[in-house]
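To start, the structure under review is shown below, and the notes come after it.
The values are calculated or read from the model by the stated rules, or taken from the named source; none is laboratory data. These numbers were taken from a predicted model, which means no experiment stands behind them. Glycine gets a Cβ as well: all are built from the backbone with ideal geometry, and neighbour counts include every protein chain shown.
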Amino acid sequence: MSNIPSELKYATSHEWVRLESDGTATIGITEHAQGLLGDMVFVELPDIDDSISVGDDVAVAESVKAASDIYAPVSGTVVAINEELEDAPELLNSDAFGGGWLFKVKLDDASELENLLDAEGYKNSIDED
Amino acid sequence: MTNKTVLHAKHLASGAKMVDFYGWEMPINYGSQIEEHNAVRTDAGMFDVSHMTIVDVQGTDAKDFLRRLVINDVAKLTVPGKALYTGMLNEAGGVIDDLIIYFFSDTNYRLVVNSATREKDLAWMTKQAAGFDITITERPEFGMIAVQGPEAIAKVGTLLSAEESAAVEGMKPFFGVQVGDLFIATTGYTGENGYEIIIPESAAEDLWQKLLDAGVAPCGLGARDTLRLEAGMNLYGLDMDETVSPIAANMAWTISWEPTDRDFIGRDVLTAQKSAGDQPKLVGLVLEEKGVLRTAQKVITEAGEGIITSGTFSPTLGHSVALARVPRSVKVGDVVEVEMRKKLVKVTVTKPSFVRNGKKVF
């Protein structure tokens, strides 16, 4: 069973969100999701200053097996992207909740986080798959 | 009904992720398919290919039967153990399957065909056997392990008996030899040196474990696919099938046109196609920018449209490569476009082969 940290929020489409102390949110994909996709070979990220809305396809994780869209779990403005993924997309496989983070967002509305799943809810959602 | 190979428990013990492969529960990877791929390119890896179908064709008419059945000419085989890659066609000139034929004598041949096509292959062979004095015997009692990579032969060598070592000493590519319980062949599906070893099921687990202990990495179907695609080897069902001529599948080199009086199945159709010169052809495509070419993506050329038959990320090259069927007038070096995820990307046409013996070849 894959790891699902309890301090994060989750979307059913397998993104995780971490609220940082400065009020921004860091976004990645879950360990479960990387396991489904297999070895990652390319990651396409949004641009800094992009304005994104919940549900937008904002990034792509491409593995040997398939290309998978990544959807914005929250709305806001992109303030940072993980440039290390350009040369090391395998970070999504090896450290999905840490070094494999994708981008950071300045939230439009922090209350959107309440619409996301907690760890228990996400675990239930993938058990149903 | 899911079939399991004799090595199933060994795969689970190595942490394999198992998938259904045409009715067989097979390892897709043991963690990272890219690491497995790299093991085969730089060291040694092994694949359980026990699901593949081994068929022995024996009898007075075995040679005449195979000269009718397949597009290459088994009469070219005169040295015992020599192997031949070829295709078996239907009357319309479409590929029923690709296969390897090992020659032992004019009355004794061994065929290795795909597992996904097992039933139709056996049915077709049985139907075509009418009037020939032969027996067609499937050999499911064997396991089969492919050990591939630059260190494969040396690592297997540490496990062989003196008799076995002597039998394979200096064996050229595309040969096989029966020595005791083992059939050891210098064939493979990766573009590297190595062996394919056919072994009685009762001894297969022991050999697999010894290979593991000798430092041979277990590799799954994921790595097998990226390796064969880099090597430009066709996968039945993707790169060709019953609707595709061998001329359109980079298999023309496996057709033996001489002697002209050999009446192999599909000959008249292929002859007409050859003189018309209108069959498409299979080429390589190389994408050096981000993204991965995938099966079924559309190829746009000045001469018309084509289609990607197999595409993947090439771990050896660090970018995507593909096999594609395109109009015959498309040339190596041409830049064409592929419709990929809502956009058009430019790719370069190459010969349908990308990596051999660990090195880029285009």
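Given B:Leu238, B:Leu212, which one is surrounded by fewer than 21 Cβ atoms within 10 Å (Cβ to Cβ) and either assigned to a helix (DSSP H, G or I) or within 14 Å of another protein chain (Cβ to nearest Cβ) (or both)?
None of the others qualify; the one that does is B:Leu212.
Condition first: part of a strand (DSSP E or B) and at pLDDT below 95. Now tell me which residues in region B:334-343 satisfy that.
Within region B:334-343, B:Met340, B:Lys343 meet the criteria.
Return the residue satisfying two criteria in turn: it lies in region B:166-189 and is crowded, with 16+ Cβ neighbours inside 10 Å and outside any strand (DSSP E or B), and of such residues it is farthest from the chain's Cα centre (by Cα).
B:Ala167
Just checking, which of B:Ala39, B:Ala83 is at pLDDT 95 or above and within 14 Å of another protein chain (Cβ to nearest Cβ)? Before you say what the answer is, go through the steps one by one.
On the way: B:Ala83 fails: within 14 Å of another protein chain (Cβ to nearest Cβ).
After ruling out the rest, the residue left standing is B:Ala39.
Does region B:246-271 hold any residues that are closer than 9 Å to B:Gly93 by Cβ and within 21 Å of the chain's Cα centre (by Cα), and which are they?
Those that are closer than 9 Å to B:Gly93 by Cβ and within 21 Å of the chain's Cα centre (by Cα): B:Pro246, B:Ile247.
Quick check on my filter: what residues within region B:190-209 are part of a helix (DSSP H, G or I), of a type in the set (S, T, N, Q) and touching a residue at least 40 places away in the same chain (Cβ under 8 Å)?
B:Gln209 - this is the single residue of region B:190-209 that is part of a helix (DSSP H, G or I), of a type in the set (S, T, N, Q) and touching a residue at least 40 places away in the same chain (Cβ under 8 Å).
Given B:Ala62, B:Ala9, which one is of a type in the set (A, V, I, L, M, F, W, C), within 30 Å of B:Gly131 (Cα to Cα) and either within 14 Å of chain A (Cβ to nearest Cβ) or more than 19 Å from the chain's Cα centre (by Cα) (or both)?
Among B:Ala62, B:Ala9, only B:Ala62 is of a type in the set (A, V, I, L, M, F, W, C), within 30 Å of B:Gly131 (Cα to Cα) and either within 14 Å of chain A (Cβ to nearest Cβ) or more than 19 Å from the chain's Cα centre (by Cα) (or both).
If I filter region B:153-165 for residues that are out of contact with any strand residue (DSSP E or B) (no Cβ under 9 Å at 6 or more places or on another chain) and in a loop (DSSP other than H, G, I, E, B), do I get at least one hit?
Scanning region B:153-165 turns up at least one residue that is out of contact with any strand residue (DSSP E or B) (no Cβ under 9 Å at 6 or more places or on another chain) and in a loop (DSSP other than H, G, I, E, B).
Looking at B:Ser245, is it polar (S, T, N, Q), farther than 26 Å from A:Ala66 by Cα and outside the structural domain of B:Leu99 (by TED's automatic domain parsing)? Before the answer, list the steps.
Working: polar (S, T, N, Q): yes; farther than 26 Å from A:Ala66 by Cα: yes; outside the structural domain of B:Leu99 (by TED's automatic domain parsing): yes.
It is true that B:Ser245 is polar (S, T, N, Q), farther than 26 Å from A:Ala66 by Cα and outside the structural domain of B:Leu99 (by TED's automatic domain parsing).
Return the residues of region B:47-84 that are within 29 Å of B:Asp225 (Cβ to Cβ) and among the small types (Gly, Ala, Ser); say none if nothing qualifies.
Within region B:47-84, B:Ser50, B:Gly81, B:Ala83 meet the criteria.
Does region A:79-91 contain at least one residue that is touching a helix residue (DSSP H, G or I) at 6+ places or on another chain (Cβ under 8 Å), more than 22 Å from B:Glu35 (Cα to Cα) and assigned to a strand (DSSP E or B)?
Checked against the condition, which is being touching a helix residue (DSSP H, G or I) at 6+ places or on another chain (Cβ under 8 Å), more than 22 Å from B:Glu35 (Cα to Cα) and assigned to a strand (DSSP E or B), region A:79-91 yields no hits at all.
Name, by its number, the condition in (1) within 18 Å of B:Met144 (Cβ to Cβ); (2) within 14 Å of another protein chain (Cβ to nearest Cβ); (3) assigned to a loop (DSSP other than H, G, I, E, B) that does not hold for B:Gly15.
Result: B:Gly15 passes all but (1).
Please indicate, with yes or no, whether at least one residue in region B:1-10 is touching a Lys or Arg at 6+ places or on another chain (Cβ under 9 Å) and touching a residue at least 12 places away in the same chain (Cβ under 8 Å).
The answer is no; no qualifying residue exists.
Name the residues in region B:312-337 that are within 14 Å of chain A (Cβ to nearest Cβ) and within 27 Å of B:Gln273 (Cα to Cα), would you?
Within region B:312-337, just B:Ala322 meets the criteria.
May I ask you to list the residues in region B:301-312 that are over 12 Å from B:Val338 (Cα atoms) and within 19 Å of the chain's Cα centre (by Cα)?
B:Thr309, B:Ser310, B:Thr312
Would you be able to say whether some residue in region A:108-121 is part of a strand (DSSP E or B) and either away from every other protein chain (no Cβ under 14 Å) or modelled with pLDDT of 95 or more (or both)?
yes
Out of region B:272-300, which residues are more than 16 Å from B:Asn250 (Cα to Cα) and either within 20 Å of the chain's Cα centre (by Cα) or assigned to a loop (DSSP other than H, G, I, E, B) (or both)?
Within region B:272-300, B:Glu288, B:Glu289, B:Lys290, B:Gly291, B:Val292, B:Leu293, B:Arg294, B:Thr295, B:Ala296, B:Gln297 qualify.
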